[in-house]
Amino acid sequence: MAARIGGCDPIIAVDRLPSRLVLARELGATHTLESRGAETLAEIRKITGGGTDFALETSAVPAVFRLAVDRLRGLGTCVLVGSARAGTEVSFEMPRLQGGRTVRGVIQGDSRPRDFIPRLVDLFMAGRMPLDRCSCSMPRGWGSSQLPARKRRSLLGSTRSWRRSSAC
């Protein structure tokens, strides 16, 4: 959504689950690819003419993160958005950084909440940032680890929500 609002082209979504790729297309992706390792990397290079300028890695899976770094063109930036567990390590060939590539993490979008939250609300209210399509609700006291594995894999994001009424 943000890439589309920002005028990025192409916008390539890569995932293992077809349902998430369908949603990505609906939300602005110009290309959707099923994650297949080196085969996917070759397809991304074909679409982009050599690699991406920016990559957002949301899974925090080391092999996927490595592919995100490997698909960068010179001076490209890969941002780790996903939350990895302590002790999770990733490796990539050091020469990948010699082309001026940047690999970094991000916390809460590296934003100033005072500026960013009103902007998100404006985009949401204008129908340009349908965040409600990217989350699901869970009962109070539940975490994603309590959902069946099949459901956990299908979440784009999760939001814990509950009503104050005891009638829920």
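The values are calculated or read from the model by the stated rules, or taken from the named source; none is laboratory data. Small disclaimer: the values here were computed from a predicted structure and weren't measured. Cβ: placed from backbone, ideal geometry, glycine included. Neighbour counts: every protein chain shown.
To keep it simple, each residue is scored yes or no on (1) out of contact with any Gly (no Cβ under 9 Å at 6 or more places or on another chain); (2) under 21 Å from ASP132 (Cα atoms); (3) modelled with pLDDT under 90.
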{"site": "MET1", "(1), (2), (3)": "no, yes, yes"}
{"site": "ILE5", "(1), (2), (3)": "no, yes, yes"}
{"site": "GLU26", "(1), (2), (3)": "yes, yes, no"}
{"site": "SER35", "(1), (2), (3)": "yes, no, yes"}
{"site": "ARG45", "(1), (2), (3)": "no, no, no"}
{"site": "THR52", "(1), (2), (3)": "no, no, no"}
{"site": "SER59", "(1), (2), (3)": "no, yes, yes"}
{"site": "THR77", "(1), (2), (3)": "yes, no, no"}
{"site": "VAL81", "(1), (2), (3)": "no, yes, yes"}
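Please state which one of ALA42, ALA29, ALA38 is under 14 Å from the mean Cα position of the chain (by Cα) and either free of Cβ contacts under 8 Å to residues at least 60 places away in the same chain or over 17 Å from ASP9 (Cα atoms) (or both). Spell out how you get there, then give the answer.
Details: ALA42 fails: under 14 Å from the mean Cα position of the chain (by Cα); ALA38 fails: under 14 Å from the mean Cα position of the chain (by Cα).
Testing whether each residue is under 14 Å from the mean Cα position of the chain (by Cα) and either free of Cβ contacts under 8 Å to residues at least 60 places away in the same chain or over 17 Å from ASP9 (Cα atoms) (or both) leaves just ALA29.
Considering only the stretch 91-98, I want to know if a residue exists there that is loosely packed, with under 15 Cβ neighbours inside 10 Å, in contact (Cβ under 8 Å) with a residue 12 or more places away in the chain and at negative phi.
So the first thing to find is which residues in the stretch 91-98 are loosely packed, with under 15 Cβ neighbours inside 10 Å, and the list is 91, 93-95, 97-98.
Within this subset, residues satisfying the condition of being in contact (Cβ under 8 Å) with a residue 12 or more places away in the chain are 91.
Then keep just the ones that are at negative phi; that gives 91.
The answer is yes, given that some residue of the stretch 91-98 is loosely packed, with under 15 Cβ neighbours inside 10 Å, in contact (Cβ under 8 Å) with a residue 12 or more places away in the chain and at negative phi.
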Residue among ARG133, ARG101 that is charged (D, E, K, R), closer than 29 Å to ILE47 by Cβ and surrounded by fewer than 15 Cβ atoms within 10 Å (Cβ to Cβ): ARG133
Residue in the stretch 38-55 that is of a type in the set (D, E, K, R) and within 26 Å of ARG85 (Cα to Cα) present: no
Strands (runs of 3 or more DSSP E) wholly inside the stretch 1-86 containing at least 2 residues that are in the same structural domain as ASP122 (by TED's automatic domain parsing) and under 19 Å from ARG104 (Cβ atoms): 52-57, 72-80
